[in-house]
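Below: one structure, written as structure tokens.
Just so it is clear, none of the values below were taken in a lab; they were calculated from the coordinates. Quick caveat: nothing in here was measured; it's all calculated off a predicted structure. Note: ideal-geometry Cβ built from the backbone for every residue, glycine included; neighbour counts use all protein chains shown.
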Amino acid sequence: MADRKDLTTSNKDYSVFLPSISSFYSKFIAQAQKRPDFVKPERMPKGFEYGIDGFDFLKPKDNYYNYKWGLYSAGHATRDTVKSDEQEPMIQKRDREHSFILGDSGGFQIATGVIKCDWPNFKTDDELRKTILNWLEHTADYSMVLDIPTLAAAPPLNAKTGLTNWVDCLEYTMFNNDYFVRNRQGKTKFLNVLQGNNEQQADDWYGAVKHYPFEGWAMAGYNMKQLHLALRRLIVMRDEKMLDPGRDLIHYLGTSKLNWSCIFTAIQRNIRETINPNMMVTYDAASPFITTAKGQAYTQHVHRNNKFSYVMEAAVDDKRFQHSTIPFPFNSPIGERMNMGDLCYMGPGMLNKLGKEGKTSWDSFSYFLLMAHNVYQHIESCQRANTLADIATTRYKPSHLEWNKVKPGQSEFDLWVPRDVIYVTEFINKLFKSETPMQMLEEGEAMLTHFSGMKTIKTTQGAFDSLFDSGDAVQEESDGEFTSEQAEAAEDFLEHLEQ
């Protein structure tokens, strides 16, 4: 029997990756709990001693692996709280002393039209605001305020929203903030969301919303993608007492690249040491679930100085593997309990839920199994990257004044960790203790912009959009970035699969 893994303990003092949990995954567990025949006994692989309940990784025990943290979005959840309790018990009935959920308000889904909004009456009809506020209070330990991302005012979405300028997004966000301040019940702590698609917008947005009495911060847009700005923002916030105890969480929206994971850890450690010992830095992605919807599996981790990433590749989908006892080849507490016949369950002549023989050998349980495997692999990869970075940064402490741009793989210090991760970690360790941090930021500008994947700190908006989608639902990986459209398409596919 495969071992149970405790990913909560192994996260040590690293920044915390939040898997953006698919509603398909949580609702699948609920269906199996309500209907014993939902997964027929002959369909359940013998190695899964805890049954379907064991796939709930938020539980502190009696599961195949434990990981206490996650993100859940109002954009795809059941927002009726009574129905949510019934349909999403993994989230709503969890042991709150031993788990943590960050609630995403669904602002991106409002901007893209997944959540319908009556824009002409936005300020007079509070029904949507009320529904989302109540759901967040009912669901989450921390929640993001209901921001309107700036992409809502850009083509093609502005044709749907009628918003014509990024300032419109700021105005509506502040209107929502005011509503939340007046009507909150104190059942969740709120994160003040910072948007902006360039430095000036980001500065103006911060100046307009920083007075709100929320309990933490969510970094979106340039605040998340441009490391020079991200660090400058933190130094300014420190000096304005905006990171003091009472504001104990900083979340970076929709990114989980391994090099950034290590930098978020450096930020968390330095804030804890010099400003606020309670600070937690988190970041999220739905990549394990999107990958599954695209028929892909996490196959291995690559932690090398010239390639620091997950690897997601097409999983086998072949009816010839029906009843196969060949082991599933990729490691996780889920994969180690599976055979290829557990994934490729549908053989020739078998009929699906529609009474037809489909082309795929996968049924809905195949997707569920692969999701659980992919989530584990993603978390483990983040943790291993941080462990390797700790080893490398203990051995090497280069000065940012010595940094120069080189081709990938050249002038590397370490076998496993890219040089820029080592340089930037050491830079951050000095920055928060420096008496002249703005001078340091000026000195490190080229290094930080290069780390962010931009040519200059003044990269145009068009170039920015070509590098990153500005929406808060973007999921990024080194081996293939997931756009917001792919994220929505994946969730739609999974919801259809569930039905």
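Observations
- Simple spin-label estimate for LYS116 and ASP318 in nanometres, 7 Å along Cα-Cβ: 4.6 nm
- Under 5 Å, built H, 5+ apart or other chain: amide partners of SER73: ASP104
- Note on LYS34 and ARG96: their simple-model spin labels are 2.3 nm apart, each label 7 Å out from Cα toward Cβ.
- Rounded if a/c under 1.5, otherwise prolate or oblate - the chain, Cα gyration tensor axes: oblate
- Net charge dipole, the chain: roughly 680 debye, given to the nearest 20, about the Cα centre with Cβ charges of +1 for Lys and Arg and -1 for Asp and Glu.
- For the chain, DSSP calls about 25 percent of its internal beta bridges antiparallel.
- Over 25 Å (Cα to Cα) - which of LYS34/LYS187; LYS61/LYS93; LYS12/LYS59; LYS12/LYS407 fall in this group: LYS34/LYS187; LYS12/LYS407
- Cut-off under 5 Å, modelled amide H: who pairs with SER143 long-range: GLY103, LYS189, PHE190, LEU191
- Per the Cα gyration tensor, segment 238-329 maps to an equivalent ellipsoid with semi-axes of 40, 14, 11 Å, ordered largest to smallest.
- Three-way shape call for segment 1-85 based on the alpha-carbon gyration tensor, with the a/c threshold at 1.5: oblate
- Working from label points 7 Å from Cα in the Cα-to-Cβ sense, the THR325 to SER10 distance is 2.9 nm.
- R0 of 30 Å, Cβ-Cβ distance ASP80-GLU49: FRET efficiency to nearest 0.05: 0.30
- Relative contact order (percent, whole number), the chain, Cα cutoff 8 Å, 6+ residue spacing: 16 percent
- FRET efficiency estimate (nearest 0.05) - Cβ-Cβ, LYS210 to GLU435, R0 30 angstrom: 0.80
- Rounded to the nearest 0.05, the FRET efficiency derived from the C-beta distance between LEU351 and LEU415 at R0 = 60 Å is 0.70.
- Across the options MET371, VAL145, ILE326, the greatest Cα extent toward the positive end of the charge dipole of the chain (unit charges at beta carbon of Lys, Arg, Asp, Glu) belongs to ILE326.
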